[in-house]
Structures are given as structure tokens and as C-alpha cells.
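The structure appears right after this line, and notes come after that.
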Protein chains: 4
Amino acid sequence: MTILFNKDKEFDLIAVGRACIDLNAVEFNRPMEETITFQKYVGGSPANVAIGSSKLGLKAGFIGKIPNDQHGRFIEQYMSNVGIDTSNMVIDNDGHKVGLAFTEIKSPEECSILMYREQVADLYLEPAEVDEEYIKRTKILLVSGTALAQSPSREALLKAVKLAKKNHVKVIFELDYRPYTWKSKEETAVYYTQVAEQSDVVIGTREEFDMMENLDHEGVNEKTIKDLFEHSPELVVIKHGVEGSFAYTRSGETYRGKAYKTKVLKTFGAGDSYASAFLYALVSGKDIETALKYGSASASIVVSKHSSSDAMPTVEEIEKLIKGNNTI
Amino acid sequence: MTILFNKDKEFDLIAVGRACIDLNAVEFNRPMEETITFQKYVGGSPANVAIGSSKLGLKAGFIGKIPNDQHGRFIEQYMSNVGIDTSNMVIDNDGHKVGLAFTEIKSPEECSILMYREQVADLYLEPAEVDEEYIKRTKILLVSGTALAQSPSREALLKAVKLAKKNHVKVIFELDYRPYTWKSKEETAVYYTQVAEQSDVVIGTREEFDMMENLDHEGVNEKTIKDLFEHSPELVVIKHGVEGSFAYTRSGETYRGKAYKTKVLKTFGAGDSYASAFLYALVSGKDIETALKYGSASASIVVSKHSSSDAMPTVEEIEKLIKGNNTI
Amino acid sequence: MTILFNKDKEFDLIAVGRACIDLNAVEFNRPMEETITFQKYVGGSPANVAIGSSKLGLKAGFIGKIPNDQHGRFIEQYMSNVGIDTSNMVIDNDGHKVGLAFTEIKSPEECSILMYREQVADLYLEPAEVDEEYIKRTKILLVSGTALAQSPSREALLKAVKLAKKNHVKVIFELDYRPYTWKSKEETAVYYTQVAEQSDVVIGTREEFDMMENLDHEGVNEKTIKDLFEHSPELVVIKHGVEGSFAYTRSGETYRGKAYKTKVLKTFGAGDSYASAFLYALVSGKDIETALKYGSASASIVVSKHSSSDAMPTVEEIEKLIKGNNTI
Amino acid sequence: MTILFNKDKEFDLIAVGRACIDLNAVEFNRPMEETITFQKYVGGSPANVAIGSSKLGLKAGFIGKIPNDQHGRFIEQYMSNVGIDTSNMVIDNDGHKVGLAFTEIKSPEECSILMYREQVADLYLEPAEVDEEYIKRTKILLVSGTALAQSPSREALLKAVKLAKKNHVKVIFELDYRPYTWKSKEETAVYYTQVAEQSDVVIGTREEFDMMENLDHEGVNEKTIKDLFEHSPELVVIKHGVEGSFAYTRSGETYRGKAYKTKVLKTFGAGDSYASAFLYALVSGKDIETALKYGSASASIVVSKHSSSDAMPTVEEIEKLIKGNNTI
């Protein structure tokens, strides 16, 4: 099965939400207290997906808010340099900052992130700054759950989704749950459900779907998709870590994707690289089964490298890995 | 045409949102600066509708939050005394207060309200305090727009609406727009649209629908209903002040209700008394045209009296006024 | 002993801080839940002292912040009508409200207050709104502790005290401790100490001095005055309820004032009426012992009446009660 | 003239206030947008002074608040490693973060800092976390103005100053004005004046003294010291950049210190290294004129190096530079 996109739209994908900075430990395999040097990369889930897609050849745009400071300008320049349209990135004039993520890589199994997310510009995107004319021009609107965590970004996202639906733009919802910023699990569940029910494609880990359903135990995929398929979604992808991912269609098909063997450096960036390649494959008209392979291969490549955004692979790298067929 | 309700449900109506205190000027026809004495009444749109419906004989319940202070206890006792089930009124333990409205009645045409709405308990209702088992038991869930103005009350309301739909409870949305508390018109439009599209019946003034559509000019009823009937609503009531109100059904009928002549003391409470009697008539199986008369008659009675809640009329008073047929 | 004031100053007293509204139960000797009617009076400690002093014939001014709404205008008009100079009362343009105090009079022994103090205008007085030229013109600057509870009113008060000292204006500090608004006892102690050490006269109850010293038990007057007399104060008045009050001078004298018998209606307003008459006597050149009698007599009169501000007595009433010599 | 310190005290100096992290551009002489690598150092004025003093051989302690995260632990370990007593560094349990300063070095003349100071742990030090027994044990309490910018750190500092004075500990006030966090110039002036008047030694740039005096033009040193010498200060040091610094004593002496020639890399850290060496000299019993030389020499050394804290010089380096006598 393939997903049909509106060929007349100029952009393949417009992502909306946060664009931040990752400060990755240069000296790794040690606690961050002993790391002295950090390297700066663009980060943030929707920014990473836009970068990854753009590197794979999709025509991508971005809606987000950045301050007019050194970090904000770096982000805009980097994204623009990889080919992303940044005409709808809005400048924050209220003193908000770029969010930061210091990554600590103790070992491939022990990675953690020290976040700076207080008063970050991305969460101050206003609904009035989301432009219907811009959204009209894309096949896919990619929304990321973290942008729902706080007003006014929350309302900007709800408005973007509404405009996408009105203009026959496919809404793809990357759950991208991060505990900081959210005030309660109930609140998370309310907005995740609200947006998931209005989306065409929903992608997340099993744990993220559990947040959406406000469960305190692991949920059941069949129950999740039954509820969602009563509303807008036509495709739901649920990721189960090393066990691979499952794609369910409204018409009743189920596909399983397997992870590729790799030498893991860290776990960051897996989800974003997965989404980039999965969307690339769907937009290119490949069937869902193949798209799952693209997603898995791309994730396997990124977890073996130092950054998330800079390390996004090319189509050739992905297809070479798929051809090797060396799955876990 | 009549609306069909689930006869098996124990409650006719459960209202959710604010219950406050009105302090009405005892000496009126003068500016408030010269008023020395104030009388205390229960106020707040959903509380008034619950009180009005209860006086008309409906079985009503209420979901809301009140502090454990003298004002909070007064509200609970008054509502309980008129027959409302208050088992789901939650006590606030975080120092929030009951909202206050000092009313100024300079003349029938010049009424204004001085509001105290900072850190009010009603806006701190948590989603976890909304109980699915309770909502299941009612024919109608009445939601009022003001409860959407701020978190966590906003999420509590969104959750209540979702639970009502899941349990085949009719959702009636009284737009009840009040400018305080809302941060921007865009924000208002986002949530009003979100809830209106999920409701079965939407009631408001033309100005309130303009807020929902984020218009800066007077909107057109036909455009409003066209958009809403693409989603859940089956009945939309748009009030045009002295010109009367219009009821539109999804099946294409339009009804017009006229206002009854009365000696106006003040304008407060008109909307809430309208909603009480309109809902009473619908639940009693009367057709929409008759329900509009009940609403108009009830509103005419309340605007001629000193309070909003205490002055809610009986069925006899309403039917007597309708029989007189003395419309504007 | 008498306190010497600068005779060349035009005002006897300028008070700085809050001017609010009291809503006093018309039906008393019952819980507030059963009170339906409330009467409106000007309230707030420094406003009451200005009103009381003005009624006794002192030339008084007021520095404070009020909104441009019905309650704000009522306060300004009332204070102006009793002869207070209101030229330095600043209008709040940021939507803050007048503070409210609903009084409940269950019995003479059981009085309580339900406060509305969220985002109140008086706590938003800015340091830039305190004018040195105005402060220069008074014999006494009366500061009340509650104005220290929050920024920017806190800084406005600290600035006013500094300007008073610079211009040889006597600073009289009414501790006036109210638990709401303050974040912690430590914070209270820090600012109370800061201001008390810079004042000429400090007046409060024993419990209020305990707050200043951050004690969790009853403190000892001798210790309190020993610490204060190492700094600016020359007179310290410590009130012990029905046991009367003690006045200590830096030069070593101690005076005791006794309470007068009266039929108590409620306890509100006792402190403010005490301060008004005590200051009136001091400014009139009476000795401290006599001033204590004026304070006690004035307090006894106010606690027998319904309001705090409106009930402030005349000189004749006070002197008649003193003459009767009917102390507890 | 020399300043006399209490020889019986165990610590030479206890600093109170912020300990943060500097992220210094590894690639410099370019805008930060083009810098990819950053090096991590301990930063923050009072932390730098404690580190600098400790390296010069003084026995130093620190009172401050840090989170229990990778950055917080790094700070504590670094400070402890250079010999500072960290027993009174308090752990923040409310999710506050370490403040960050990204430094940009475009050229020796064009340096700027990108600050992250939202919800930083150092500004959440509580007055209850300042221990009188600890303060008793030091000759000098060094307070830095930035800690006054916000509650509760502000009250913690006011309390520390009060305790120092009560226990005959010299209070040295480094004005250390930073525009972020402060709400208004009036507010800054109120607290800077409050603390300066209670200090024994006040050190700052001419611009910082202008903030203290709330001037919008350059103030006059003679006026500044006249006002301060009416209160506690006995020594006031006013720095005029490349023109050198002036030290004024209450007894009427004036000393001038000159800057030493150096190859400037950046301007950061000059003030802190100045204070460290100046205090070292004073505590060592050197006269004020000599102490000014130590301060200037230390500043000249630090501005030629990459970090602020790590680059703090030894006594030998300082004395060698002084001996060279190569002043500007």
C-alpha cells in the first residue's frame, strides 16, 4: 500500500515546532562532569526531520521561532544552507532564548541529556504567526508533540493542523514526547489525543502512545489503532525499540520493520532520522513496507555517529544498508 | 423538529465550569462609586444555567471547583438547596478564591461589571477531577466557553467534552465569551472552534460567534453554520439581541425567536436564563420553535429583576408570558 | 518626654501604602455564609491612619496606587472628602484591582476576614512614583509593613524611607503584619528589620515584633528595644492586647498605656485608630504618656462601631473617654 | 594605610552568590555563529573571586546554590579541588539550572556574552540557607551585586550582610552589575544603595556606581564617596578602565592604581581577577597603594588568557608583572 499525496503542492514537507542547539560532548564514554569540550549542532526533532528530509532530496520548509542572537542566527543559516526554506521562521523579540541540549555519552547504553528549556523561543510561536498561504503549499505538515507543551506554541500548532486539514495537506504527527515543560500527564494526554485524532499519520514509540492514552502500563497496539481509526488517521506507526516497528493501516494491513545491525555510539537522533527517511520513502511513492526499511536504516546510521542533524544520511547510504539486509 | 435525548440517563443536565458570586448594587440607577450596599448572589454562567434548569424541574448536576472559605461554602449550599447535585464540586486547597462580579446599574442601557477574576478557583479545575462515571449519567453536558480561558480548567473541559462524546452524552456549548483572562483573540478562536466542532448544540450571540471565527467585523450566519455542520453540531442558535434569535438545524431548517416586551432593569443574566429555559424545553420534548419561545420569555423575566440566579423563573411564569404573545 | 517635629513642614503626616475596600457584613453575629448584604468602606491600614488623623485635624497626604475603576475612584473621592491631599495617589494602568476585605463578625471574640489580595494595585506602586519633593513637605512619613510584602511596592517603600531620612522627615513604621502575600517568615524578618532600623518610631503588637525578629515563641520587649536602639529608633511602642501597650524611649523611659472599657462589636480597626490618635497627640506636642491614652481611647471607640474608617472618632470623643478614666 | 582584619577568624574570605559555567569559544576572532567548539569553565563573579583568592593562598569558602546535575557537580568539584570550602554550597531540588555564559571573542575590543539566566539555581538561595555560625568564621564576607537581582537570593544576601556586621566580619561589596534579571534601574539603585551603605569596602567601575546612584550621566567620584562615607564604608574603589582605578578612604586619602600593559585577548574576567588579588593584598597586610597594584596586575594577566577562572594567576606571576613596572 502507498499513501497518496497531492502532486500539485510545491513543498514536500513543512515542519513546525522547535529548532534548538545540541551541545555534544567531544570527549565521550565518560560522565559529563569530566567533559570539557562541546560541539554545537542544530537540534530539535522537527528541525532534524526537516534537515534529514532535505538531505534526502525533499523540498522542505520550516515554521518556528528563533531569537535574533548568535544561536538563533546559527540555526537559520545552517538550515538555509542545507536547502530548507526559512522564510516562515519568525524572530522572537521578547528576549526568549534558543533551547539547549547538552548530551552526555557515558556508553552506548547510558546516554542522557541536560536540557535548557526555560523561556525558549520555540514555545512562543503565536497562532498569528502561522500563515495559511504557506501551509497551503505543502504536501505534508509535520507536527511534533513537544510544541504542544505550552501556550502560545500549543495554539499555533492546533491552528496549523486545522489549516492543513482545511487545505487538504496531510498532517503527520510525530509524538516526540519529552517530559520537561509538560505540567501533568493528564494535560499531555488531552492535547496528544486532540491532535492525533485530526492527523493522517501518527508516529511514535509504544511509550509515547502510552502517554497519549494516559496509561500507567504498556498499552496494546490493537486498542490504540482501533481508537485512532475511528477518527482521521489512515496510518499509525508504533516503534518498539530493537524489536522493530509496526505500521498499521486503516484498511487493515500490518507491516513490521526490523532494525539494522550497527555499532551504536549513542541513542540520540534515532527517531528523527527514522522519520526523515520514512517520509522520504512515502513521498517518493514507495510502499509502506519499503518505507519502514528506509526509516530503520536511517536510524541505524545516525546512532553510529556523533551528531543528530549533521549525520543525517544520503539516499545512497540508506539503500546500501538496506541491500546488506543485516537486520537484528 | 425535536432533539432526541437518551431517556435512560439519570441526570437531565450536568454543567461544568465556574460558579461565582455576584455582588449586586442595592442602590441602583447611579454609578457604583455612589453605591454603598451590595447584595450577594450565586453567579457565573454555567452555575446560573444549572440553577435555572433546576428551578424549572430538570435534574441537574455541577462539576466545578470552589475554595473552602465562606464564599465557597455559600455557593455549594445555595446550589444544593435548589436541588442541584453538588457531589462533583471539588474543593480547592491551593488558596484560590471565588470569582466576584460587582454589578453597576446606571440605567437599563448602561450596565457594567467590575470583575475579580485573578487566581479564581474555577479556572483550577484539573482534568483528573473530571469523572467519566459521572458524565456517563447525564443526557446533556453543558460547557461554557469561559472555562476554556486558562489551564488547567481548559484541559478539564476538553476532557469532559471527549468523555461526553464517548458516552453518547449531548454536548451543549454556551459560548459565553468574556474578554478577561483570555490572552488573545487568536487563542480564543482556536479553542472555541475546537470545542464547537465537537459539540451537538452551539448557542451564542452573533458577537460571540465572531470571536470564535476570529473576525473583526460582523460575520454571516450562513457561513457560520456551513462550517459547523461539516462537523458534529446538529443545532446552532445565534442570538441577535432585540432582533431575536435564530436556530439552524443540520437538516436545513431555520427558526426565528422573538424577544418579549418587558420593563428592563438591567441586562445581566439574560443569556443564562435563556439557556436554562431553552434546554428545559428541548429536554421536555418540545420542538425547537417552542424552545426558542421558552428561552426568550425566561430572558425577558430575568432582565426585569435584581439578580440573575435568584430571579430564575418558574415554568408557570414563562408560559404565562408566552401566552401573552407580547413580542417586540 | 515629647518628640520634636520640624514645625516648618506643611503636612503633619504623609502615609504610604495600601488603600483598599472593606465590605462589612450588615447582618452580623452570624457566619458570613448567612450574610447577604455588605457595606462598602475605605480600608487598609495606612489609609485608615490618614483618615483618622485627618478627622482629628492633622494635615495629611497619601502616596499609593489605585486603579481607574469604580472602586479606585470611590477611594480617592472618600479620602479627598475627609481632607486628605490625594495629589500623589497614582493611577494604575495595568489592570490591577483594589484589594478587598470581606469582614465576618460572628461574635466580638470571633471575627475573621476574607481577603482578595491577588494582583492588587497598591503592591504595584513603583519607586519612580515616589516623589522626593512631596516627601520633603511633611513632618511624618507613615509606612506600613504590608507594603513591603512584594515588589515593586517594596522598593517604593524602601526608597520613600531613604528620602525621608535624607530630608529630616520622621519615619514612623507601623508593622501591620498580614500573613497573605508574604512568601516566608525569613523574608518578612529581613525587610521588617531593614526598615525598623531606619525608622524613628516603630509601633506594633508583640506578635508583629516576633515576626520582625523571626521568633517562633513570644519575644522579650527588653531584647527588642536593645537591638533597635542601636540603630535609628528613638521610640518603640509594643502593644499587648487587653494588657495595654508599652512605650520605650531611647533615653531609657518606659510608659504603659491601658485599654478603656467598651462594648466590643468587632476587633477590626483597633490598630489603625490607635495609631491615628497616638500620632495626633505626638504632633500636637503632648507627652508620650498622654499620647498612649489617646491611642487607647481611640481604639476603644472604633471597636464598638461597625466600620474602621468611617468610625474614626473626633478629639472630643477621645478626650471624653479619657476623662471617664474607665480603664480595664 | 592598611585595613585591619580580625586575625582570629579561620577563613580569610567567604564569597556569597552565583557560581556558573562559562562556555568559551575555542575558535575565536570570529562571530559566535561560526564557532563550533566551546570549552567549559567555572564562572560567575563571586565564584571567580573565591577561586582567584584561593589560588593566591587565601583560605576561602563559598555560600551558593547549585543543582544536582552534571553542571552543578562539575562546579562543586572544581571549586573544592582548588581548595575552597564548599560545605555551605546548597543543593537546589526545584529543577533550577546552572547559569550559562557563552562568550564570543570577535576581537580584543569586541567581546560579548550570550547569557542563560532564566530560573538559575543561584538566584534561589534562601535566607534560611545562610548560616550565622559559618559567617562568624571569616574575616571577609564578599557579596556580589548580581545576587541582589531577584528574590529569594536578594533576601539571603541582605541577611548575610546583617549577620556579618553583627559578628564583626568585614563586608566587601563588589557591585558586579549585570543588566539581565533586574527589572528596572530604580530597583537596582534601591538595593545597591541599601547594601553599599552597610558595607566596609565597596568596589566597582564608575558605570556601576552610576547604576547605584540611578544616574543617567557619568557621576562624580567625590559626590559618591561623600554619600557613602556618611554610612559604614571605610574604603571605596572606583575603576575607570584603562585610566586605572582610584581608592578613597574615609580618613581622606586617595590612591591611584594604573593598568599594566598586556596583549589583550578578551575583556572577560578582569574585574574578578582584580578583586581577588586586591583582597589578597589587603588581607596580607599590604597597604592600599600596593593592593591596587596587585589588582591591576592580576587583571592584566587574566585578560591575556582564554578563561577567567582557570587563568587566575599566582602570587609570583603578579609580583613579576608589578616589578616590570610597565604601566599604561
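Here are a few things to note about the model shown:
- Shortest first, B:E243 label-point distances to identical copies amount to 6.1, 7.3, 7.5 nm, with the label point at 7 Å from Cα along Cα→Cβ.
- Of all DSSP beta bridges confined to the stretch D:179-328, the antiparallel ones make up roughly 65%.
- Under Karplus coefficients 6.51, -1.76 and 1.60, residue-wise ³J(HN,Hα) of the stretch C:267-275 in Hz, glycine/proline x: 9, 4, x, 4, x, 5, 5, 4, 4
- Positive end of the dipole of the stretch B:108-220 (Cβ unit charges, origin at the Cα centre): among B:A196, B:N167, B:L125, the Cα lying farthest that way belongs to B:N167.
- Chain D - charge dipole about Cα centre, Lys and Arg +1 at Cβ, Asp and Glu -1, debye rounded to 20: 800
- Checked against a 21 Å cut-off, the cross-linked pairs B:K65/B:K97; B:K40/C:K106; D:K65/D:K185 give Cα-Cα distances beyond that limit for D:K65/D:K185.
- 3J(HN,Hα) along the stretch C:137-150: 8, 10, 6, 10, 9, 9, 10, 10, x, 4, 5, 8, 6, 7 Hz, from the Karplus curve 6.51 cos²θ - 1.76 cosθ + 1.60 with θ = phi - 60°, whole Hz, x for Gly and Pro.
- Accessible area of chain A divided out per residue, in Å², using a probe of 1.4 angstrom: 36
- Closest approach to the axis carrying D onto B, counted by Cβ on chain D and given in whole Å with its residue, is D:D94, 9.
- Those GluC sites (Glu not before Pro) in the stretch B:68-120 that DSSP places in a loop and that have at most 12 other beta carbons within 10 Å: B:E109
- Calculated over the stretch B:259-312: convex hull of Cα atoms, volume per residue (Å³): 56
- Solvent-accessible area buried by A and D, counting both chains, probe 1.4 angstrom, square angstrom: 2500
- Sequence-distant aspartates and glutamates (8 or more away, or on other chains) whose Cα lies within less than 15 Å of C:K226: C:E197, C:D200, C:D210, C:E213, C:E234, C:E253
- Under 5 Å, built H, 5+ apart or other chain: amide partners of B:V90: B:G64, B:K65, B:I66
- Across identical copies of the chain, D:Y180 has label-point separations of 1.5, 3.6, 3.6 nm, listed in ascending order, with the point defined 7 angstrom from Cα along Cα→Cβ.
- √(5λ) per eigenvalue of the Cα gyration tensor, the stretch C:60-109, largest first, Å: 24, 16, 9
- Rg of the Cα atoms in chain B, relative to 2.2 N^0.38 Å, amounts to 0.92.
- Listed pairs C:K170/C:K293; A:K263/A:K305; C:K55/C:K323 exceeding 18 Å between Cα atoms: C:K170/C:K293; C:K55/C:K323
- Peptide C:186-198 is shielded by partner chain Cβ atoms: per residue, an average of 4 of them sit within 10 Å of its Cβ.
- Copy-to-copy label separations for B:A128, where each label sits 7 Å from Cα toward Cβ, in nm and ascending: 2.4, 3.7, 4.4
- Quotient of C-alpha Rg and 2.2 N^0.38 Å, computed over the stretch C:139-295: 1.00
- Under a model in which nothing but the beta-carbon of Lys, Arg (+1) and Asp, Glu (-1) is charged, the protein assembly as shown shows a dipole of about 0 debye around its Cα centre.
- Apportionment of accessible area to carbon and sulfur, the stretch C:209-258, percent (1.4 Å): 51
- Fraction of the pair-distance distribution of the stretch B:1-143 above 28 Å, Cα-Cα pairs, percent: 25
- About its Cα centre, the stretch C:1-90 has a charge dipole of approximately 220 debye under the convention of +1 per Lys or Arg Cβ and -1 per Asp or Glu Cβ, with nothing else charged.
- Quotient of C-alpha Rg and 2.2 N^0.38 Å, computed over the protein assembly as shown: 1.05
- Long-range HN-HN contacts of A:G61 with modeled amide H, under 5 Å: A:L13, A:I14, A:A15, A:D85
- The stretch A:235-328: proportion of alpha-carbon pairs further apart than 16 angstrom, %: 49
- Around A:F229: net Lys/Arg minus Asp/Glu count, Cβ-Cβ under 13 Å: -4
- Calculated mean residue ellipticity, 222 nm, chain D: -10000 deg cm²/dmol, from DSSP H runs (n ≥ 4) at -39500 (n - 2.57) each, averaged per residue and rounded to 500.
- Among B:P152, B:I301, B:P46 the positive-end extreme of the charge dipole of chain B (Cβ point charges): B:I301
- Gap separating the Cα centres of the stretch B:44-111 and the stretch B:198-252, nearest whole Å: 27
- Histogrammed with a bin width of 10 Å, the alpha carbon distances of the stretch A:167-238 distribute as 20, 58, 20, 2 percent, first bin at zero.
The values are calculated or read from the model by the stated rules, or taken from the named source; none is laboratory data. What you see is a predicted model; the values in this text were computed from it and never measured. Cβ coordinates were reconstructed from backbone atoms using ideal geometry, including for glycine residues, and neighbour counts include every protein chain displayed. The protein model used for the area step is the full one, side chains on, heavy atoms only, and it has no ligands, DNA or RNA in it. Shrake-Rupley method; radii C 1.70, N 1.55, O 1.52, S 1.80 Å.
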